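Presented below is the structure to which this report refers.
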Amino acid sequence: MDLKNKIILITGAGSGLGKALAVAAGQAGAKVICAGRRKERIQQTADEVIKAGGVGTAVQMDVTDPKSVEKGVKEAEKTGSIEILINNAGIITGLKAVQELPIEEWDKIMATNVRGPYLLIRAILPGMIQRGVGRIVNISAPIKHLPKASAYCASKCALDSLTKAVGYELKGVDVIINAVEPPFLDTEMHKGGKRPEEVVGQILELAALESGSQSGRIVKIT
Ligand SMILES: NC(=O)c1ccc[n+]([C@@H]2O[C@H](COP(=O)([O-])OP(=O)(O)OC[C@H]3O[C@@H](n4cnc5c(N)ncnc54)[C@H](OP(=O)(O)O)[C@@H]3O)[C@@H](O)[C@H]2O)c1
């Protein structure tokens, strides 16, 4: 599947991996909806998408908030029906043993990393099913059992489970959902590792899978 003129919504597009994915999709000629909370950051990404040769639009959205997601998706759909969704927005907080982890911090991580993708899928999937085609990529992580990162690990395991379960639900429909485990990346979240630009090609391949490709996979990115 070619990304040219495809309408793709990327959450967390104002920085790091999300921004690199948006610009690379722009280079491939896609129409990219850049979602995130910081208006100036998503607008900057949208401008770079346009410079790269695509169509870029910034849509402010807090992925943890159902009303904000609903409003943001409605605004995004002014560009057209969303054909590809990349659930990239995610957070991690400082390393803490589980007994020292404040409840509010646990809730915030789960709300961003799991509830967010669920809310986006819930808002966008019905249209994909109705049109009989769609691609969803969830950005997971290879970290699943790291001490002092219990909430982040639990959230990414939950995201993998969500991906697999929805993959089964979509059996027989040309809506393909997969998750990826990128390596350590040098972003606002983590210092050191690969540049996000080095891995975006492998991730966008999953956003552009041909009909009949396998769904519900957790794919390691190298
Ligand atoms: N960096 C790594 O080593 C690494 C490795 C594997 C996987 N990952 C995963 O890759 C994804 C991207 O992370 P990154 O490394 O690129 O970090 P990042 O630069 O911090 O990007 C995260 C993005 O998520 C957005 N975001 C956070 N909370 C949000 C909310 N409630 N609503 C909407 N957007 C929200 C942030 O923008 P706003 O604050 O403006 O909303 C930010 O642009 C995450 O899911 C992360 O878990 C990262």
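The values are calculated or read from the model by the stated rules, or taken from the named source; none is laboratory data. As the structure is a computational prediction, the values presented were derived from the model and not from experiment. Every residue, glycine as well, gets a Cβ built from its backbone with ideal geometry; the counts of neighbours run over all protein chains shown.
Any idea which of Ala24, Ala52, Ala28 is within 14 Å of the ligand (Cβ to nearest atom), under 19 Å from Ala208 (Cα atoms) and out of contact with any strand residue (DSSP E or B) (no Cβ under 8 Å at 6 or more places or on another chain)?
Selected residue: Ala24, the only one of Ala24, Ala52, Ala28 that is within 14 Å of the ligand (Cβ to nearest atom), under 19 Å from Ala208 (Cα atoms) and out of contact with any strand residue (DSSP E or B) (no Cβ under 8 Å at 6 or more places or on another chain).
Hey, does the stretch 66-75 have a residue that's of a type outside the set (Val, Ile, Thr) and farther than 26 Å from Gln130 by Cα?
no
Taken over the stretch 86-101, the criterion of being in a helix (DSSP H, G or I) and either of a type in the set (Lys, Arg) or in contact with a helix residue (DSSP H, G or I) (Cβ under 8 Å, 6 or more places away or on another chain) (or both) is satisfied by Val98 alone.
From the list Ser81, Ser161, pick out the single residue that is away from the ligand (no atom under 11 Å from the Cβ), modelled with pLDDT of 95 or more, part of a helix (DSSP H, G or I) and of a type in the set (S, T, N, Q). Ser161 is the lone residue from the list that is away from the ligand (no atom under 11 Å from the Cβ), modelled with pLDDT of 95 or more, part of a helix (DSSP H, G or I) and of a type in the set (S, T, N, Q).
May I ask you to verify whether Lys67 is within 30 Å of Ala149 (Cα to Cα), in a helix (DSSP H, G or I) and among the basic types (Lys, Arg)? Judged against the criteria, Lys67 is a match.
Let's see how each residue does on (1) in contact with a strand residue (DSSP E or B) (Cβ under 7 Å, 6 or more places away or on another chain); (2) touching a residue at least 12 places away in the same chain (Cβ under 8 Å); (3) within 14 Å of the ligand (Cβ to nearest atom); (4) part of a helix (DSSP H, G or I):
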| residue | (1), (2), (3), (4) |
| --- | --- |
| Leu120 | yes, yes, yes, yes |
| Met128 | yes, yes, no, yes |
| Arg135 | yes, yes, no, no |
| Asn138 | yes, yes, yes, no |
| Lys144 | no, yes, yes, no |
| Lys148 | no, yes, no, no |
| Ala151 | no, yes, yes, yes |
| Ser155 | no, yes, yes, yes |
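Tell me yes or no: at least one residue of the stretch 170-183 is within 16 Å of the ligand (Cβ to nearest atom), closer than 18 Å to Ala22 by Cβ and either in a loop (DSSP other than H, G, I, E, B) or modelled with pLDDT of 95 or more (or both). Yes, some residue in the stretch 170-183 is within 16 Å of the ligand (Cβ to nearest atom), closer than 18 Å to Ala22 by Cβ and either in a loop (DSSP other than H, G, I, E, B) or modelled with pLDDT of 95 or more (or both).
Here is the figure for the stretch 175-216: residues that are within 25 Å of Val133 (Cβ to Cβ) and either buried (at least 17 other Cβ atoms within 10 Å of the Cβ) or touching a residue at least 60 places away in the same chain (Cβ under 8 Å) (or both) total 18. Looking at Glu83, Glu75, Glu104, Glu40, just one residue is out of contact with any helix residue (DSSP H, G or I) (no Cβ under 9 Å at 6 or more places or on another chain) and surrounded by 15 or more Cβ atoms within 10 Å (Cβ to Cβ), and that residue is Glu75.
Within the stretch 92-105, is even one residue within 24 Å of His190 (Cα to Cα) and within 18 Å of the chain's Cα centre (by Cα)? Yes: one or more hits.
Here Gly56 clears all of (1) part of a loop (DSSP other than H, G, I, E, B); (2) modelled with pLDDT of 95 or more except the condition numbered (1).
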